[in-house]
Amino acid sequence: MGVNSFTYSNDGLALTKQFEGCELTAYQDQVGVWTIGYGHTGAGVASGLTITQDQADALLLSDIAAAVTFVNQVVSVPLQQNHFDALVDFAFNLGRASLSGSTLLRLLNAGNFDGAAGQFPLWDHAGGKVVAGLLRRRQAEQTMFQGQPAQGNSSNA
């Protein structure tokens, strides 16, 4: 059970916004999922949908809130803010199920922070193919997790 009660920092939110980019008209992502705003998917997102910037911001905060709650629940070791932010971006981008069943989480909950950090770059595939933008995002998360300023190029990954 979780031992943390963090909120997402401005640094974490900046990382998510940088890699997601913002599209106010629905588009299909690299694996064909209809997406809008900052990576928002789900019921109601379909061809032709448009939203305002305010709606995109609200969707992002709602989607992030779910990832924040999840990370606080599934991590059983005390974290620092940089660890938490990297994990929230990971869960936001890949989905909570990916984090919950991952070696990354297993190693982290065993107290092996270095081993957990080494897992981030392994999550660079979409549709069975390596995606350069995903690798850059995982490297930025890894850097943030390790307590260094995250760097990376926006890639809509």
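Filter region 12-41 down to residues that are among the hydrophobic types (A, V, I, L, M, F, W, C) and either modelled with pLDDT under 95 or loosely packed, with under 15 Cβ neighbours inside 10 Å (or both) and give me whichever is nearest to Gln148 (Cα to Cα).
Ala14
Go through region 1-41 and count every residue that is out of contact with any Cys (no Cβ under 7 Å at 6 or more places or on another chain), part of a loop (DSSP other than H, G, I, E, B) and under 15 Å from Gln55 (Cα atoms).
Final tally of qualifying residues: 4.
Taking only region 93-118 into account, find how many residues are farther than 28 Å from Ile36 by Cβ, surrounded by fewer than 20 Cβ atoms within 10 Å (Cβ to Cβ) and either touching a residue at least 40 places away in the same chain (Cβ under 8 Å) or not hydroxyl-bearing (Ser, Thr, Tyr) (or both).
So the answer is 10.
Here are some residues: Ser62, Ser76. Which one is among the polar types (S, T, N, Q), in a loop (DSSP other than H, G, I, E, B) and either farther than 17 Å from Asn112 by Cβ or in contact with a Gly (Cβ under 8 Å, 6 or more places away or on another chain) (or both)?
Sole residue among the options that is among the polar types (S, T, N, Q), in a loop (DSSP other than H, G, I, E, B) and either farther than 17 Å from Asn112 by Cβ or in contact with a Gly (Cβ under 8 Å, 6 or more places away or on another chain) (or both): Ser76.
Looking at region 73-83, which of its residues are surrounded by fewer than 19 Cβ atoms within 10 Å (Cβ to Cβ) and either free of Cβ contacts under 8 Å to residues at least 40 places away in the same chain or over 15 Å from Asn109 (Cβ atoms) (or both)?
Gln80, Gln81
Kindly evaluate Phe70 against the criterion of being under 17 Å from Asn109 (Cα atoms), assigned to a helix (DSSP H, G or I) and in contact with a Leu (Cβ under 7 Å, 6 or more places away or on another chain).
Judged against the criteria, Phe70 is not a match.
Name the one entry in Asp114, Asp54 that is within 22 Å of Arg136 (Cα to Cα), over 13 Å from the mean Cα position of the chain (by Cα) and assigned to a helix (DSSP H, G or I).
Asp114
If a residue must be in contact (Cβ under 8 Å) with a residue 12 or more places away in the chain and either under 15 Å from the mean Cα position of the chain (by Cα) or assigned to a helix (DSSP H, G or I) (or both), how many such residues does region 119-137 contain?
Total meeting the criteria: 13.
Hey, can you tell me all the residues within region 83-106 that are within 8 Å of the chain's Cα centre (by Cα) and in a helix (DSSP H, G or I)?
The answer is Ala86, Leu87, Val88, Asp89, Phe90, Ala91, Phe92, Asn93, Leu94.
The values are calculated or read from the model by the stated rules, or taken from the named source; none is laboratory data. Quantities reported herein were computed from a predicted structural model and do not represent experimental measurements. Using ideal geometry, Cβ is built from the backbone for each residue, glycine included, and neighbour counts are taken over all protein chains shown.
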